[in-house]
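**Student:** Sharing a structure below in structure tokens format, with a few things to ask.
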Amino acid sequence: MLESDFEITGEGERLGEKPFLPVVSLFSGSGGLDEGFVQAGFSSVLALEIDRAACETFDRNHPRVRVIKKDLSQAVNGYVVERLTELPSPVRPVGVIGGPPCQAFSLSNVHKRSDDPRLNLPKNYAHILEELNRHYDLDFFVFENVLGLKHKAHSELFDYFKELFGSAGFATFEGELDAQDFGVAQVRKRVFVVGFNSRRYKALRFEFPKGNPALRKTVREMIGELPPPVFFERGMQSKDVPFHPNHWCLKPRSKKFFNGFLKEGDVKGRPFRVLEWAKPSWTVAYGHREVHIHPSGKRRLSIYEAMLLQGFPKTYVLKGNLSDQIRLVSDAVPPPLAKALAESIWKVLRAGKARQIKLFAAS
């Protein structure tokens, strides 16, 4: 299942053979980042995540990947390396991808705590990255988080994280990407740190994908043709929902949904933000179950509608109860954005592979 028939640093790829580019996924969530990398030709082989519903979701949509429910802040030295050695076939991962939970760094988090344990998760990421690089001589890593990590309140901590990435053996590149520039019907800006093995990729100039404003999609393009969703009732399960298991939504209770008060494009405070058909969605981030309101003004979005606004494939399924699914779709990395980033990384790896072949031929 996990046969490795190609390594970036090997002598080359046999004619007609598909590259095998295994990656380790940390803080995997529902698998949006992995989905994009898989679409770009990479192969997740091991995923570690603390949230049970996220693990079930990852396993449902990426059944060939070994998924482990694990609190990585409690992982002992060598834990991830040991899990890799347990795979059915030997694998040398070429990269590590992941985004530690970002609520502690979010600008919208008005209840910040200096002792929030989530502040240390990027440090845990860097430690595991260093271990994996020492054992497997990785090619790259990708670290994703919210823009708030660059805010002055966290800038020193962010600089420290990047120092740790450098100490782990990587030359790092920092960039901001907006999902709407990559065919996602959503304004979603995030910060990415991409690192390449500083020993094997010397004098590298990595360019983040540029995106294309012409690719921007609207809410109507993504969800305008869907049938009405099912309203959630106590005791209901996803399997009871027709059309798609995630096409259910919170039952409207406020009179604002029934008296014509909510118009397309209205913002009546944070809990009542009505999407516009002809524009992209605001960021899909629904704290306190404040799911954006459908352009009709008569209900909130269904989970499936939010998934499509995130750029998930139509066949993707989120597991867990309704609250779990709201959290999972809010935290996800849009797959089309992840795919564009993965393709930019693959260009660097391919160029490095070509250089290795050239050096081998000359020796």
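Each reported figure results from applying straightforward, stated rules to the coordinates on display, with no laboratory input. Predicted, not measured: the structure shown is a model, and the values here were computed from it. Glycine also receives a Cβ, built like all others from the backbone with ideal geometry; neighbour counts cover every protein chain displayed.
**Student:** Could you tell me what a quarter of the Cα convex hull surface of segment 204-257 works out to, in nm² with one decimal place?
**Tutor:** If you wrap the Cα atoms of segment 204-257 in a convex hull and average its projections, you get 7.9 nm².
**Student:** Continuing with the same structure: Along the charge dipole of the chain, pointing to its positive end and built from +1/-1 on Cβ of Lys, Arg, Asp and Glu, which listed residue (LEU177, PHE37, LEU129) has its Cα farthest out?
**Tutor:** Of the candidates, LEU177 comes out farthest on the positive side.
**Student:** Another one. I'd like the distance between the alpha-carbon centres of segment 183-227 and segment 248-273, rounded to an integer number of Å.
**Tutor:** Segment 183-227 and segment 248-273 have Cα centres separated by 31 Å.
**Student:** Mind ordering 64-71, 223-230 by average Cβ neighbours within 10 Å, highest first?
**Tutor:** 64-71, 223-230
**Student:** Residue by residue, what Karplus-based ³J(HN,Hα) values in Hz, rounded to whole numbers, does segment 259-276 have, using 6.51, -1.76 and 1.60 with θ = phi - 60° and x for Gly and Pro?
**Tutor:** Listing the rounded values in order: 9, x, 5, 9, 9, 3, x, 5, 10, 9, x, 4, x, 10, 10, 9, 5, 10 Hz.
**Student:** Measure off 7 Å from each Cα along the Cα-to-Cβ vector at ALA153 and PHE173, then give the distance between these two points in nanometres to one decimal.
**Tutor:** Roughly 3.1 nm, to one decimal.
**Student:** I'd like the Karplus ³J(HN,Hα) series for segment 73-82: coefficients 6.51, -1.76, 1.60, θ = phi - 60°, whole numbers in Hz, and an x wherever there's a Gly or Pro.
**Tutor:** Per-residue couplings from phi come out as 6, 10, 6, 6, 4, x, 4, 5, 4, 4 Hz.
**Student:** In terms of modelled amide H atoms, which long-range or inter-chain residues lie less than 5 Å from the amide H of SER281?
**Tutor:** Excluding prolines and chain starts, which carry no amide H, the hits are GLN186, VAL187, VAL219.
**Student:** Let me ask you something else. Kirkwood Rh over Cα pairs of the chain into Stokes-Einstein at 37 °C, 0.692 mPa s: D in µm²/s?
**Tutor:** Here the translational diffusion coefficient equals 153 µm²/s.
**Student:** Another question, then. If you split all Cα-Cα distances of segment 216-363 into 10 Å bins from zero, what percentages do you get per bin, shortest first?
**Tutor:** Values per bin, smallest distances first: 11, 35, 28, 10, 8, 6, 2, 0.
**Student:** Once Rh is set to the Kirkwood radius over Cα pairs, what Stokes-Einstein translational diffusion coefficient, in µm²/s, holds for segment 126-237 at a temperature of 37 °C and a viscosity of 0.692 mPa s?
**Tutor:** Stokes-Einstein gives a translational diffusion coefficient of 193 µm²/s.
**Student:** Continuing with the same structure: In whole angstrom, how long is each semi-axis of the equivalent ellipsoid of segment 172-302, when you take the square root of 5 times every eigenvalue of its Cα gyration tensor and sort them from largest down?
**Tutor:** Values for segment 172-302, descending: 37, 18, 14 Å.
**Student:** Sticking with this one: 5 Å is the cut-off here: which amide hydrogens, built 1.01 Å from N in the peptide plane, fall below it relative to ARG300, excluding neighbours closer than 5 in sequence?
**Tutor:** HIS294
**Student:** Given the Cα-Cα distance of SER323 and ASN77 and 0.36 nm per residue of separation, how much length would full extension add, in nm?
**Tutor:** 85.2 nm
**Student:** While we're here: How many Å³ per residue does the convex hull of the Cα positions in segment 247-302 occupy?
**Tutor:** Spelled out: Cα convex hull of segment 247-302, divided by residues, is 83 Å³.
**Student:** Beta carbons within 10 angstrom, averaged per residue: use that to sort the peptides 325-334, 302-311, 273-282, highest first.
**Tutor:** Those peptides, ordered most packed to least, come out 302-311, 325-334, 273-282.
**Student:** Can you work out the PRE-style zone for GLU225? Point 7 Å along Cα to Cβ, and I want the residues of segment 149-190 with backbone N under 19 Å.
**Tutor:** Hits in segment 149-190 for GLU225 at 19 Å: 183-186.
**Student:** For every other residue with a beta carbon closer than 11 angstrom to the beta carbon of LEU275, add +1 if it is Lys or Arg and -1 if Asp or Glu, then tell me the sum.
**Tutor:** 0
**Student:** Also, I was wondering about something else. Hey, got the dipole for the chain? About the Cα centre, +1 on K and R Cβ, -1 on D and E Cβ, debye to the nearest 20?
**Tutor:** Result for the chain is approximately 1160 debye, rounded to the nearest 20.
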